[in-house]
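Structure first, then comments.
The values are calculated or read from the model by the stated rules, or taken from the named source; none is laboratory data. Given the structure is predicted, the values throughout are model-derived calculations rather than measurements. For neighbour counting, all protein chains shown are included, and Cβ atoms are generated from backbone atoms with ideal geometry for every residue, glycine included. Accessible surface is based on the protein model in full, side chains and every heavy atom, while ligands, DNA and RNA are left aside. Shrake-Rupley method; radii C 1.70, N 1.55, O 1.52, S 1.80 Å.
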Amino acid sequence: KQWYQRRVREVPPDAAGKKPPSNVCDFCLGDAEKKKTDEAMISCVDCGRSAHPSCLQFEGSLAENVKSYNWQCIECKSCSICGTSDNDDQLLFCDECDRGFHMYCLTPRIERPPEGRWVCHMCNKRP
C-alpha cells in the first residue's frame, strides 16, 4: 500500500485530472532503455497507459488513425457521441479508428452488434 501511495505522488495528475503518458508499453514492457521495438507508442489521453500499436494488434490504417486524435485505452473508452462510458456492453469500436460508439447513440440506431468489421460514420466519410 505504501508503494502505491509513493507511486501516485511521483506521477501526479495534471490540472484536468489526467495522468502523463507512460514511457513503458503495458503489453511488452518495452521502454526507452529496454526497447523491444523502435515502434512509437500511443498513450491513453485519460489514464496515460501506453502501448505499441502492434502490441494492441492495430495494423495498417488503424495503427496510423489512432495517432490522429485523443485515443482512449479499453479501460477508459467512452462514446464519441455522448461522451459517457455507461453501458459499455453497448459500445462498438470502429475497426478503422478504434473510437467507441454506443449502438443507441448512432443514427440510425444499431440494435445488435454487427458481424465482422464495423466502420464508423467518421471513417466512412474519409476519401
Rounded accessible area of L62 (nearest 10 Å², 1.4 Å probe): 20 Å²
Probe 1.4 Å, all protein chains in place: accessible area of I110 in Å², nearest 10? 40 Å²
Can you tally the net charge around G116? Count Lys and Arg as +1, Asp and Glu as -1, for every other residue whose Cβ sits under 14 Å from the Cβ of G116. -1
In nm, to one decimal, how far is the modelled label at E115 from the one at T84, with both set 7 Å along Cα→Cβ? 3.2 nm
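Assign one of three labels to the stretch 53-111, namely rounded, prolate or oblate, based on the Cα gyration tensor with a ≥ b ≥ c the square roots of its eigenvalues; rounded applies when a/c is under 1.5, prolate when it is not and a/b is larger than b/c, and oblate otherwise.
Details: a/c = 2.13, a/b = 1.76, b/c = 1.21.
Since a/c reaches 1.5 and a/b is larger than b/c, the shape of the stretch 53-111 is classed as prolate.
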Give the average over all directions of the projected area of the C-alpha convex hull of the stretch 78-127, one decimal, in nm². 3.4 nm²
Using amide H atoms built 1.01 Å from N in the peptide plane, name the residues 5+ places from S80, or on other chains, whose amide H lies under 5 Å from its own. G100, F101, H102
